[in-house]
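A short reminder: the numbers here are calculations on the coordinates, not readings from a lab. This one's a predicted model, so the numbers in the text were calculated from it and none came from an experiment. No Cβ is skipped: glycine too gets one built from the backbone with ideal geometry, and neighbour counts run over all protein chains shown.
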Amino acid sequence: MKTSDGVHLEQELKLQATRRFDLAALADGVDGLAASPLETKKVSTVYYDTDDLRLTRWGTSLRFRRGEGWTVKFGTDDTNGALIRTEHRFTGPGAKPPAAALELLRAFLRGRDVKPVARLRTIRKSLLLRGATGEPVAEVADDDVRVVDGGRIVDRFRELEVELVNGAPISLLDGLRASLQRAGAGPVDPTPKNVRALGPAALAPSELDLGSPDADSTAADIIRSALAASVEMLLRCDAPLRVAMDPETVHQARVATRKLRSDLRTFMPLLREDWARALRAKIVWLSDEFGAVRDADVLVARLRQRAERLPEKDAPAARAILEVFVKQCTAARRGLAKIVREQRYEDLLEELVDAAADPRLERHASAPALAELPSLVEERWRKLCKAVEELGEEADDEQLHRLRIKAKRCRYAAEAIVPIGGKPVARFARRVQRLQKILGDLHDAVVAEERLHEIEGDRQTVFVAGALAAMESIAAEEARSTWRKAWRKAAKKSLRSWMS
């Protein structure tokens, strides 16, 4: 699916520009890199956002720059002061944002209109830094920025930018920063231009930035934090899903919906039950859609790994078998691509944001989290224990699959209260996660084996499918033989002192 005219990973460093800094002083090169002649140009930029600046507050931006077109930037990863952002570039006139650009922002906009919110006129002085073979590795820019409103300059600031080009390693930025500061540049300041231009309103937290809970938090604080973390993960997965739908993004989106369902179930005693049950029912639909793609991805990845162990003479048949599952995976992706464009999906995102920011709580949710929540996690643990006890010595695969689901719910419940329980709760969650993983591997192997037995074709194809199925059978048997060891480690009493 083509959504933009180009995707670029921006890696840059911003520094304050002091009065004594002069870019011309770098004409002889920086940090062993040769410099191109200094260039000066005028840049006109218009930033778009909603009335409440929700794009800016989410660390996202939509701009039109004359001569360059439209750019959407996602996320701000501050790595040792460096900004690492994904840019999507679009051609088109500046009258209104391209539909494809707005589509990428749909999870954050959720039906809200955008309009011009900041107009900047910049005089940019820049030079390229080149490596030993003459290839450009970085651009250093000295930007004198005017913020314009109604044709009048209302603010002005100056900043330095160092942006890597041509895939230059990010490690270069440390040396360049030191060299620029020796030449008079000020400290690192990662504030984007649109945030500077918009002022204090742009620094307001996002819709789901509810603060960091701690040991003194109420149960309501922890519930909001847990729900908000999953909803934020889902929102941030949206644009990557629309662009490429890579397996890891699908996985993260599925995890987000699963955690939401699990947390709503765990915290049900502190929530209005009718509200929580209705919301869970809606999330099931979306979780199942993500699950269909994720399950197909897992199956294809497993079989590719297994096929690499087959003799070369079996490779053509293995490729033919893989193609069957790849086609199914592609079909599942097409289905999900349609889902994320439906109004039903957008409406659910809006409802989830509202639910995380203002969940329907019972009155006793205002009690201290330490007094209310450990017992809810303990209830999940007791259900897991009971399920293990009921298995007997010879548990079938369906029973172990249900056990995995209970382990997952227990783990999610524990992870939700780590802010109040700290390292002891985190250790417990990791042990349960290990159990969940082994049981998950078992389930994946069993499913793969069953699907391979359904393969039809010529004698060679059926033979190779049988060989792959045998590998999955071995993997399943290994999981069956090791899950109890993981259970015993998770069940150590010393891990659960915080429950009582």
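State, to one decimal in nm², a quarter of the convex hull surface area for the C-alpha atoms of region 169-254, i.e. the direction-averaged projected area. Provide the component values of the computation, followed by the final result.
Working: hull surface 39.9 nm².
Mean shadow area of the hull around the Cα atoms is 10.0 nm².
A straight line joining the Cα centroids of region 68-139 and region 408-454 runs 39 Å.
As an exercise, find the ratio Rg/Rh for region 220-365 from alpha-carbon atoms, using the Kirkwood inverse-distance average for Rh. Can you show the working numbers first?
Numbers: Rg = 18.7 Å, Rh = 16.8 Å.
When Rh is taken as the Kirkwood radius, the ratio is 1.11.
Remark: Thr50, Thr257 ranked as Thr50, Thr257, counting other beta-carbon atoms within 10 Å and listing the fewest first.
Taking 18 Å as the straight-line reach from the Cα of Lys41, the lysines in range (excluding those fewer than 8 positions away in the same chain) are Lys125, Lys193. Among the listed values (1) 19, 43, 33, 6; (2) 24, 56, 19, 1; (3) 21, 50, 24, 5, 1, 0, the one computed from these coordinates for P(r) over Cα pairs in 20 Å bins from 0, in percent is (1).
How large is the helix-only mean residue ellipticity at 222 nm for the chain, computed as the sum of -39500 (n - 2.57) over DSSP H runs with n ≥ 4, divided by its residue count, in deg cm²/dmol to the nearest 500? Write out the running numbers ahead of the final one.
Details: 15 runs with 259 residues, N = 500.
Rounded to the nearest 500, the figure is -17500 deg cm²/dmol.
Listed from fewest to most Cβ neighbours within 10 Å, the set Phe290, Phe90 follows the order Phe90, Phe290. Among Ser262, Ser366, Ser494, a tally of other beta-carbon atoms within 10 Å of each Cβ gives an order, fewest to most, of Ser494, Ser366, Ser262.
In whole angstrom, region 318-384 maps to an equivalent ellipsoid with semi-axes of 41, 23, 7, each derived as √(5λ) from the alpha carbon gyration tensor and ordered largest first. Put simply, when 235-246, 456-467 are sorted by average Cβ atoms within 10 angstrom per residue, most first, you get 235-246, 456-467.
Highest mean packing comes first when the peptides 134-141, 275-282 are listed by Cβ atoms within 10 Å, giving 134-141, 275-282. Relative to the longest principal axis of the Cα atoms of the chain, the long axis of helix 247-266 lies at roughly 60 degrees. Helix 273-307 axis versus longest C-alpha principal axis of the chain: approximately 90°, rounded to the nearest ten.
If you take the alpha carbon atoms of region 256-320 and fit the smallest convex hull around them, that volume is 76 Å³ per residue.
Placing unit charges on the Cβ atoms only, positive for Lys and Arg and negative for Asp and Glu, gives region 379-500 a dipole magnitude near 1540 debye about its Cα centre.
Helix 369-389 axis versus longest C-alpha principal axis of the chain: approximately 40°, rounded to the nearest ten. Within the straight-line cut-off of under 30 Å between alpha carbons, the lysines reachable from Lys313 are Lys327, sequence neighbours fewer than 8 places apart in one chain being disregarded. For region 341-377, GluC sites (Glu not before Pro) meeting the loop criterion (DSSP other than H, G, I, E, B) and having at most 10 other Cβ atoms within 10 Å: Glu342. Think of the chain as having a plus end and a minus end, set by charges on the Cβ of Lys, Arg, Asp and Glu; of Gly421, Ile123, Gln433, Gly421 sits farthest toward the positive end of this dipole. Note on Lys259: lysines with a C-alpha under 21 Å away, same-chain residues under 8 apart excluded, are Lys282, Lys383, Lys406, Lys408, Lys423, Lys437.
Taking the Cα centre of the chain as the origin, how large is its charge dipole in debye, to the nearest 20, when only Lys and Arg (+1) and Asp and Glu (-1) carry charge on their Cβ atoms? Please report the intermediate quantities before stating the final value.
On the way: 85 positive and 77 negative charges, 126 e Å.
Its charge dipole is roughly 600 debye.
Kirkwood Rh over alpha-carbon pairs of region 6-202, then Stokes-Einstein at 4 °C and 1.567 mPa s: what D in µm² s⁻¹, rounded to an integer?
Details: Rh = 17.5 Å.
Value of D from the Cα-based Kirkwood radius: 74 µm²/s.
The protection proxy used here, the mean number of other Cβ atoms lying within 10 Å of each residue, ranks peptides 190-197, 410-417 as follows, highest first: 410-417, 190-197. Near Ala317: Cβ cut-off under 10 Å, other residues only, Lys/Arg at +1 and Asp/Glu at -1. The net charge is +1.
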